[in-house]
Amino acid sequence: PPTHADAAPSGARRVEKAEPSDRAPKKQAKLSYKDARRLEEVEKLMETLPVEIARQDAILADPDLYARDPAAFDRAMKAAEKARAELEAAELDWLELEEKKADLAG
């Protein structure tokens, strides 16, 4: 016949077995598909946008451009401003996604 001392360990084992089901769902270990795709996109943008900014800045560096072609000057200004804003947004997204990736990794 089982004694009281024998019952305690088996009772403890039952609690241990029930414990995993009581826990919160397991955290994901990596970025979601959507986040991983976005990370790839922003990394590409962070490579291409500085090139576009440099190209527009080179156009704007022409001291006679405004006098010669005000419309071209305006287009270059708007394109450079847009590229800078997109680059800033991409960098913020990249930072957020990299932090999320680091948190998920442990």
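Taken together, the values in this text are just the output of simple stated rules run on the coordinates, not laboratory data. The model shown is predicted, which means the values in this text are computed figures rather than measured ones. When we count neighbours, we look across all protein chains shown, and the Cβ atoms used for this are built from the backbone with ideal geometry, even at glycine.
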- Counting Lys and Arg as +1 and Asp and Glu as -1, what is the net charge of the other residues whose Cβ lies under 13 Å from the Cβ of residue 60? -2
- Message: Using C-alpha positions alone, give me the convex hull volume of segment 29-105 per residue in cubic angstrom.
- Response: 67
- Ranked packing of 97-103, 29-35, most packed first, by mean Cβ within 10 Å: 97-103, 29-35
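What is the sum of charges, Lys and Arg at +1 and Asp and Glu at -1, for the other residues whose Cβ falls under 9 Å from the Cβ of residue 79?
On the way: positive: 55, 75, 78, 82; negative: 52, 81.
Charge balance near residue 79 sits at +2.
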